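Quick notes on the structure that follows.
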Amino acid sequence: MSVVRWGLLSTANINRRLIPAIRASAQGELVAVASRRQADADAYAAEWGIPQAFGSYEALLASSAVDALYIGLPNHLHAEWTVRALEHGLHVLCEKPFAVSLSEVDRMLDAARDSGRVLAEAFMYRHHPQTKIAGDWVRGGRLGEISVMRGVFNFAMGNRDNIRLVPEWGGGSLWDVGVYPLSLAQYFMGGPPLWVHGDQWVGPSGVDESFIGALHYGNGAMAQISSAFRTPWYTHFDVMGTEGRLVMTRPFTGTEGEERRLTFVGVDDAALELAVPEQELYAGEVEDMNDAILTGRPPYIGLNETRDHVRTVLALYESARRGERVFVEEMVA
Ligand SMILES: NC(=O)c1ccc[n+]([C@@H]2O[C@H](COP(=O)([O-])OP(=O)(O)OC[C@H]3O[C@@H](n4cnc5c(N)ncnc54)[C@H](OP(=O)(O)O)[C@@H]3O)[C@@H](O)[C@H]2O)c1
């Protein structure tokens, strides 16, 4: 195999970011889309110029049309369709949050191991050069010992008829966008926190529309993360250490062409702007999957990292529910 044939499982809104990235990749081609209704699949395939359209997810899995699937389903369906795809011998790039329970994550990891296929979580920002440069600075000790991190991902939920507002579908701001600062803190610290405190405001549909989390690493480092569906768009991440701080104005995503600023401020308060090469935001995760599939190397975001993302979210929700701190290792299902 020299080219990975990709299929889209659903006509999700987010596909519009993956389609150009797959088409631009040197080793990937987009060949199929599946939808729950044939008419929707046909219309979508015509709109986006996709050669094959399947009228059910199962029909795409059972075909031999694709090598890899991109799964952008509502959160509660990630595990089921990832496992089914792996069992059909397909490689899977699954959207964040990977799954909404640890038992689901473990079924997905077992299926990946048993099938020998590549499985990865689609955290596009982790592949961007900005994240890697910031990671080199923080993990390489250039900020000294890390003391406090602060990360935010907020937006205004205009449409109340949204999958993100349905509790039983893995709705909620922490699952949806709080996972960004949470996963960036984990990347910088090289692992999950020891314990967490969570607090939330639950809206009328029964999901957290605002969430604040404190993450304790037990070594003097702490992170404060927040997410909300109730403010204009805002993302930010600061890392503060004994030797200075790193400030990221667009750590995760933004509108196309929006400037990313990555600034180091030292103990003398002098600011140094770090140059960040341009790279299409979704290109990295697609190239990484293609390469992992074609060469047999593991994907850049390891499944243990992904498992820790989910464990930490579960601990935060449990803490918000109980009103007390929760150790991440308490999360077992
Ligand atoms: N990485 C990122 O930048 C990013 C950005 C946005 C979203 N996401 C993630 O991508 C996933 C999808 O988000 P989205 O906003 O694109 O979702 P969306 O537009 O609501 O699409 C979800 C799709 O799932 C399918 N589906 C299957 N069962 C469904 C059900 N019971 N109710 C509704 N839809 C159902 C539908 O496709 P068919 O009708 O074709 O079957 C629908 O188009 C989420 O996990 C989200 O966290 C990631």
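Worth pointing out:
- Under 9 Å, Cβ to Cβ, from A214 - net charge with Lys/Arg +1 and Asp/Glu -1: 0
- Gyration tensor (alpha-carbon) shape descriptor, the stretch 248-333, a/c threshold 1.5: oblate
- Dipole magnitude (debye, nearest 20) for the stretch 156-242, charges at Cβ of Lys, Arg, Asp, Glu: 80
- Per-residue 3J(HN,Hα) values for the stretch 158-165, derived from phi via the Karplus relation 6.51 cos²θ - 1.76 cosθ + 1.60 with θ = phi - 60°, read x, 8, 7, 9, 10, 4, 6, 9 Hz in sequence order (x marks Gly and Pro).
- What you get for the chain, charging only the Cβ of Lys and Arg (+1) and of Asp and Glu (-1), is a dipole of about 120 debye around the Cα centre.
- Within the chain, the longest run free of exposed loop sites, counting GluC sites (Glu not before Pro) that sit outside DSSP helix and strand states (H, G, I, E, B) and have at most 11 other Cβ atoms within 10 Å, spans 1-144.
- Overall dimensions of the stretch 4-122 as given by Cα atoms, namely Rg and Dmax in Å: 13.2, 38
- Considering only alpha-carbon pairs that sit under 8 angstrom and 6 or more positions apart, the relative contact order computed for the chain is 19 percent.
- Inter-part distance where the stretch 272-333 and the stretch 194-208 are each reduced to a Cα centre, Å: 20
- Local net charge near L262, Cβ-Cβ under 10 Å (Lys/Arg +1, Asp/Glu -1): +2
- Residues of the stretch 15-79: accessible area per residue with a 1.4 Å probe, Å²: 40
- Theoretical FRET efficiency, 1/(1+(r/R0)^6), r = Cβ-Cβ of T263 and R16, R0 35 Å, to 0.05: 0.65
- Result for the chain in a Gaussian network model with C-alpha springs under 10 Å: among N154, N75, N13, the largest mean-square fluctuation is at N13.
- Looking at the chain, the DSSP beta bridges with both ends there are about 60 percent antiparallel.
- HN-Hα J in Hz across the stretch 19-24 - Karplus 6.51, -1.76, 1.60, θ = phi - 60°, x for Gly and Pro: 4, x, 5, 5, 5, 7
- Most positive-pole-ward Cα, L109, W6, H91, against dipole of the stretch 4-122 from beta carbon charges: W6
- The local environment of A68, defined by Cβ-Cβ distances under 10 Å, has a net charge of +1 under the rule Lys, Arg +1 and Asp, Glu -1.
- Rounded Å value of the spacing that divides the Cα centres of the stretch 64-100 and the stretch 109-172: 17
- Taking θ as phi - 60° and the Karplus parameters 6.51, -1.76 and 1.60, the scalar couplings of the stretch 90-106 work out to 9, 7, 9, 10, 10, 4, 6, x, 3, 7, 10, 8, 6, 5, 5, 4, 5 Hz in sequence order, x denoting glycine and proline.
- For T11, the accessible surface of its heavy atoms amounts to roughly 50 Å² (probe 1.4 Å, protein chains only, rounded to the nearest 10).
- When Rg and the Kirkwood radius Rh are both evaluated on Cα atoms of the chain, their ratio Rg/Rh stands at 0.97.
- Selection from M289, I133, S35, by position along the positive dipole direction of the chain (Cβ): S35
The values are calculated or read from the model by the stated rules, or taken from the named source; none is laboratory data. Predicted model only: the values in this text are computed from it and were never measured. FYI the Cβ positions are ideal-geometry reconstructions off the backbone, even for glycines, and counts take in every protein chain you see. For accessibility, only protein heavy atoms count, side chains too; no ligands or nucleic acids. Shrake-Rupley method; radii C 1.70, N 1.55, O 1.52, S 1.80 Å.
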